[in-house]
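Written below as structure tokens is the structure these notes are about.
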Amino acid sequence: MAKRQVPVKKNQTIQLTFEDLTHEGNGVGKIDGYPIFVPLALPGERADVRVVKVNKRFGYGRLEHIHEESKNRVTPPCNVFYKCGGCQLQHMTYDMQLEMKQNQVKNVMQKVAHLPDVPVHPVLGMDEPWRYRNKIQIPVGEKEGELITGFYQQRSHRIIEDMETCVIQDELGDNIVEAVRQIGTELGIRAYDEKAHRGELRHIIVRTAYTTNEAMLILVTRTENLTKQAEIIERITKKFPEITSIVHNINSQKTNVILGKKSQTIYGEDYIYDKIGDLEFGISAQSFYQVNPTQTKVLYDKALEYANVGKDDIVIDAYCGIGTISLFLAQQAKKVYGVEIVPQAIDDAKANAKRNNMDNVEFVVGEAEKIMPWWTKQGLRPDVIVVDPPRKGCEASLLEAMIAMDPKRIVYVSCNPSTLARDLRILEDGGYKTQEVQPVDMFSQTSHIESVVWLER
Ligand code: SAH
């Protein structure tokens with residue numbers, strides 16, 4: 001019945017004026033109040049749109065012809081922007097990206113957290129929002145006897161063959177990938193074939209350290225052996241002396257997960273080293289490390305400002321990774337406890353504390369949502385808690401533990417505004433008041449949004 005009220009039909013071409021953007025960066029235009037989401041359309045534009053999907057409450061369209069173009073429309077510098085799913089916003093000015101991200105955060109603060117009055121500051125953006133990523137992970141395929149590398153086409157597992165370079169990726173990483181592709185082809189290495197679950201080389205991953213210019217190369221294979229390992233090592237390190245670590249990772253499973261459980265260093269060190277401010281960090285292959293080094297400093301400075309830790313304070317850093325935020329907190333606190341689920345990351349965190357001569361930190365491997373309630377039972381009562389969860393946000397048991405621990409202050413670092421807003425509502429109901437929200441642009445050209453939030457008891 002409701003379907004009859006939908007004012008458009010599939011495959012119909014209509015003219016739309018766009019008013020808004022969704023959180024994915026799609027343009028929103030309405031016909032008789034019925035919203036149609038159109039990738040690549042910008043607010044202020046008027047365009048012909050082909051309706052491609054009709055749902056009860058909203059539809060999707062494809063941009064056919066723009067009659068009135070937004071002054072914020074720019075030509076994407078990437079030659080495969082329209083195919084690749086990696087970036088969503090290269091067609092708009094950077095100013096518009098930042099404004100859109102601030103609006104998205106404001107929006108969830110109102111609608112999900114029910115905090116219409118909380119200050120959401122303008123997004124802290126980059127001076128140069130390109131070539132910032134320090135990590136590239138790229139699938140390997142084969143064509144006419146050559147290895148090919150490229151990201152997958154949107155919503156598919158087809159490798160984009162004509163990707164020349166990734167414009168948000170650090171150039172060194174990009175160049176190493178291309179060299180491995182060439183060397184691999186010359187040595188007759190076979191790519192992994194996903195459908196048949198045969199072949200060898202699955203992914204090439206390169207991590208580069210911004211301050212030291214060191215690079216780590218990770219080769220992920222289905223097979224236990226890496227064919228012509230010695231030759232690969234010799235040729236690639238000769239070409240790129242920046243490579244100080246090569247890791248062979250084995251992933252024999254039929255899975256979309258990139259890394260397998262088994263890794264071994266086949267050249268150089270187990271780590272690459274990078275500096276953030278005055279601290280030095282060793283990063284191993286399996287550990288998380290922020291992907292935008294210039295903005296990491298901006299993000300952490302804000303988190304530290306909000307945490308406002310005093311010399312007698314006990315602090316918890318939940319989801320601590322390799323202990324980056326923990327060690328900055330420990331420079332100001334009496335004691336810092338970190339918890340993290342990946343054992344290698346906790347090994348790195350402990351080594352990083354030593355490397356920086358810090359002994360007022362304690363790191364524990366485990367699920368934060370289990371360790372936090374356990375710490376509460378043990379009587380741990382921190383003055384300040386910092387959390388930095390993955391996209392799905394915090395588990396209820398962790399939020400409850402935070403409230404039970406009764407810290408005077410909480411700093412919530414988030415890479416997903418929706419789960420952030422959901423969790424803030426729970427913390428508010430538990431007696432905490434959100435003071436400020438500061439979005440930081442860690443993922444320029446993409447629709448991802450990072451924020452830091454300050455709450456007081
Ligand atoms: N604060 C760190 C890491 C943030 S990323 C930094 O800035 O580098 C989130 C981290 O949470 C990752 O290291 C991930 O391995 C970890 N993680 C994911 N789920 C977890 C869980 N349930 N419990 C504890 N840590 C978890």
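Data overview
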quantity: Distance from the stretch 230-275 to the stretch 1-78 (C-alpha centre basis), Å; calculated: 45 Å
quantity: Heavy-atom accessible area ranking, 1.4 Å probe, most first, across 117, 170; calculated: 117, 170
quantity: Antiparallel DSSP beta bridges within the stretch 13-73, as percent of all bridges there, nearest 5; calculated: 90 percent
quantity: Accessible-area value, residue 121, 1.4 Å probe, nucleic acids and ligands omitted, Å²; calculated: 60 Å²
quantity: P(r) histogram, all alpha-carbon pairs of the stretch 314-457 included - 5 Å bins from 0, percent; calculated: 2, 10, 20, 23, 21, 15, 7, 2, 0
quantity: Relative compactness, the stretch 184-335, computed as alpha-carbon Rg over 2.2 N^0.38 Å; calculated: 1.27
quantity: Of all DSSP beta bridges in the chain, antiparallel share, percent nearest 5; calculated: 70 percent
quantity: Descending Cα extents along the principal axes, the stretch 384-457, whole Å; calculated: 39, 22, 17
quantity: Point-charge dipole on Cβ atoms (K/R +1, D/E -1) for the stretch 135-276, about Cα centre, debye to 20; calculated: 640 debye
quantity: Percent breakdown of C-alpha pair distances by 10 Å bin, ordered from the shortest bin, for the stretch 251-391; calculated: 11, 40, 34, 12, 2, 0
quantity: Overall Cα dimensions of the stretch 153-253 - principal axes, largest extent first, Å; calculated: 41, 33, 24
quantity: 1.4 Å probe accessible area per residue over the chain, in Å²; calculated: 46 Å²
quantity: Whole-number D in µm²/s for the stretch 125-209 (Stokes-Einstein; Kirkwood sum over Cα pairs; 25 °C, 0.890 mPa s); calculated: 181 µm²/s
quantity: Per-selection Rg to Rh, the chain - Cα, Kirkwood hydrodynamic radius; calculated: 0.99
quantity: Sequence-distant lysines (8 or more away, or on other chains) whose Cα lies within less than 23 Å of residue 53; calculated: 3, 9, 10, 30, 83
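The values are calculated or read from the model by the stated rules, or taken from the named source; none is laboratory data. As the structure is a prediction and not an experimental result, all values here were calculated from the model. Cβ atoms come from the backbone with ideal geometry, glycine included; neighbour counts cover every protein chain shown. The area values use the complete protein model at the heavy-atom level, side chains included, leaving out ligands, DNA and RNA. Shrake-Rupley method; radii C 1.70, N 1.55, O 1.52, S 1.80 Å.
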